[in-house]
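A short write-up of the structure that comes next.
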Amino acid sequence: MNPEMEKQIAEIEGIIRKYNPNGDFAKLYKAFEYAEQAHKGQLRKSGEPFFIHPVAVAKMLAEMDMDLSSIIAGILHDVVEDTEATSQDIAREFGEDVSYLVDGVTKLKHIPTSTKEELQNENLRKMFLSMASDIRVILIKLVDRLHNMRTLQYVNTDSQITKAKETLEIYTPLAHRLGMTKIKWELEDLCFKYLEPDTYKQLSANIKQKREEREEYIQGILETIREKTSELGISAFLDGRPKHLFSVHKKMVRQNKTLDQIYDLLAIRVIVDSVQDCYTVLGIIHELYKPMPGRFKDYISMPKPNMYQSLHTTLLGPKGMPFEAQIRTWEMHKIAEVGIAAHWKYKGGGTTDAATDEKLDWVRHLLDIQKDTGDASQFVETFKMDLFTDEVFVFTPKGDVKNLPAGSTPIDFAYSVHSAVGNRMIGAKVNGEIKPLNYKLVNGDIVDIITTKEVHGPSRDWLSIVKSSEAKSKIRQWFKKERREENIEHGKDFIERELKKQGYTYNELFRPEYLDALLRRYNFNSLDDLLNVVGFGELTAQKIVSRLRDEFLKDETNHEAKIGKRPGQKEKRESKQTTDHGIVVKGIDNCLVRFSRCCSPVPGDMIVGYITRGRGVSVHRADCPNIRAMEDFESRAIDVRWAQNAHSVYNAELAIKAFDRSNLLLEIAGALAELKLNTKAINARITRDNYDVIDLTVEITERDQLDKLIKRLMRIENVVEVTRKSN
């Protein structure tokens, strides 16, 4: 380990000892050594040793006063994903607690028949559900994402945009809901920098232009307040509060204002020792400066759902320039900075307190959504909807507060009280007046639900009215339970129509082995459960049949069976088992066949045939985007398959994406020689984002050769991606 890294690790130990002097530091150092050895030889996109990243994550977690298991998991968080180590290895060396946390942030490597988007949704669902059982999973992931975003300049533009979008859609709302304001602000500004670089630079430059003037103005206000609090014997820490760029940008866009019209661009923060001092300082500030009407918020008496507490007030300062003041205690300040992490009790007992557990009910609600949602993409969309919406605070007739997503209706309120209340609901009073069920609740409304004694159930129309995922989930549960038989019959009809549309029979696709895999994928116990959600409309028949069809085609190809053959049909004798081109066309002998140059199929690929005008049958890969885009594809498609015992030579085209370095082409040539493959063509170019793209055409006789070549090329240093070409 180099001296600089040893210094970093010693610094982390020093941070931990301040709040946890009796920690198991031998275990901590063991984790550092384990991770360094596991990641040995791996480099980040910047060219630095990969081990720098887990050390940085561990340090950030230590600065949040996290427990030792979380910090050790931060050190090891990429080991299972990026090295040969397994979850079992981590559990054996560091315990089940650490292993669970590492597994929670480890991505799934592969799910059969999944697209890239589906795999990403499955990874997000896995992480969210781990987080519902142990919130530390997401704390580690947020810190991991923050460090990756800080070093995003080393990846290509496309990756920067993809990462920034995902961060803004998933991780910044999560940080907000967990009260981790400091992380949220930095993530938002980094996303802003990469998603709207020109706007970011312009706004940053405009704010810097008047920085000195603003700082001088704020210092004058701070000095005046400091003198007054000292006179009254109040110990207060005062400083200017910088406004982060993304927040300013959002406000300018939302309110259609210029930079000069943003009131809280100038802001101060006052931190005191007690709640009583907070209100005393508020009185002092209101005596010194005129408060602006409607701009005072008391988050101490009514904290935000993410546990944030503070007094906010906007005032007119000297020369009539408005500024914002935030007043809070030191404990409130820590919670405002690191949110839920400030409540952690793992240092002493290993659990959070009851009050904190209550604040995390929204996280555990994820498990309820999971029970009701088989499709990962729907699960993630529902979760994102919950994260993004602002809250509205309304009251029960007894004075209990309910926080709901902004735009919620009395129906949302009813289901937040209890499923039975929602299912018996026939009307609602808001502030003593009868209101329609689609009325949008506002802060302070008192809601009284009118119910009937008998359960009459919700209306399907309610699904388009309600805003909260909780209400939608409970309404779906009712329909799936109470109308199950009706849904199953509808589901059968939808499936039969889709089978007919795609040209398959029930017996072909609904084989036990295909169906069992499908039921496991969507967490169903039986075929009736599947038909129930299809009939209800939660999953489409098209999606189900397409998944089973893909399994059928893959199985047929793997066993070298005829794609066009149907069970029960007598197999037609083919006159030619071995052809010059290695392709058998269903029902036609000695047919002119040519391979499409747009996707270059090779033996082992799933293929489709297309009858051309005057040039015989053109053979494409089944996933070729060009063949599916042809308007007359359905009428001209013909079943083709690879002939048995074919010994033809085929051209395979690859695109290799890599960071430029010396000897790169030499190593690629070495890989080809090692596998004894003949190179037909090679061409290199540089993309706008400074990647090398090397187009390679090689001769192969079977798909295994191509798969081995791709794996071998991916092991070459600086190679980012190797893909089959589709022109």
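Every number here is computed from the coordinates shown, using simple stated rules; none is lab data. All of these numbers come straight from a predicted model, not from anything done at the bench. Cβ coordinates were reconstructed from backbone atoms using ideal geometry, including for glycine residues, and neighbour counts include every protein chain displayed.
A straight chain from PHE25 to LYS398 at 0.36 nm per residue would run longer than the Cα-Cα distance by 129.1 nm.
Convex hull over the Cα atoms of the stretch 392-483, averaged projected area in nm²? Orientation-averaged projected area of the Cα hull: 5.3 nm². Scalar couplings 3J(HN,Hα) for the stretch 690-707, obtained by applying the Karplus form with A = 6.51, B = -1.76, C = 1.60 to θ = phi - 60°, are 6, 8, 8, 10, 10, 8, 10, 10, 10, 8, 9, 10, 8, 5, 4, 4, 5, 4 Hz; x denotes Gly and Pro. Which entries of LYS182/LYS208; LYS398/LYS429; LYS163/LYS467; LYS165/LYS297; LYS501/LYS586 have Cα-Cα distances beyond 23 Å here? Beyond 23 Å: LYS163/LYS467; LYS165/LYS297. Distant-in-sequence amide contacts of VAL720, defined by a placed amide H-H separation under 5 Å and a gap of 5 or more residues or a different chain, comprise LYS657, ALA658, PHE659.
For the stretch 530-545, putting each phi into the Karplus relation 6.51 cos²θ - 1.76 cosθ + 1.60 with θ = phi - 60° gives couplings of 5, 4, 4, 6, 5, x, 6, x, 6, 10, 8, 4, 4, 5, 5, 5 Hz, in residue order, rounded to whole numbers and with x for Gly and Pro. Scanning residues 5 or more positions from ILE583 or on other chains, those with amide H under 5 Å from its amide H are ALA643, with H placed 1.01 Å from N in the peptide plane.
Phi angles across the stretch 422-436 convert, under the Karplus curve 6.51 cos²θ - 1.76 cosθ + 1.60 with θ = phi - 60°, into 3J(HN,Hα) values of x, 6, 9, 5, 10, x, 8, 10, 10, 6, x, 10, 5, 10, x Hz, Gly and Pro given as x. If you model the stretch 185-266 as an ellipsoid using its alpha carbon gyration tensor, with each semi-axis the square root of five times an eigenvalue, the axes come out at 31, 13, 11 Å, biggest first. Of the GluC sites (Glu not before Pro) in the stretch 412-505, the ones in a loop by DSSP (not H, G, I, E or B) with at most 16 other beta carbons within 10 Å are GLU454. Scaling the Cα radius of gyration of the stretch 632-727 by the globular reference 2.2 N^0.38 Å produces a ratio of 1.27.
Want the number for GLU717 to SER235: 0.36 nm per residue separation, take away the alpha-carbon distance, what's left?
Length gained between GLU717 and SER235: 167.7 nm.
Among 21-27, 81-87, 162-168, how do they line up by average Cβ neighbours within 10 Å per residue, starting with the highest?
162-168, 81-87, 21-27
Sorted on the mean count of surrounding Cβ atoms within 10 Å across their residues, most packed first, peptides 202-209, 436-443 read 436-443, 202-209. Taken about its Cα centre, the stretch 600-727 carries a charge dipole of about 160 debye when Lys and Arg each add +1 at the Cβ and Asp and Glu each add -1 at the Cβ. As a rough guide to protection, the peptides 592-603, 417-428 ranked by mean Cβ packing within 10 Å, highest first, stand as 592-603, 417-428. Taking a ≥ b ≥ c as the square roots of the eigenvalues of the alpha carbon gyration tensor, the stretch 1-110 is oblate, as a/c is not under 1.5 and a/b does not beat b/c. Once the Cα-Cα distance is subtracted from the 0.36 nm per residue extended length, the THR199 to ARG211 segment shows a gain of 2.5 nm.
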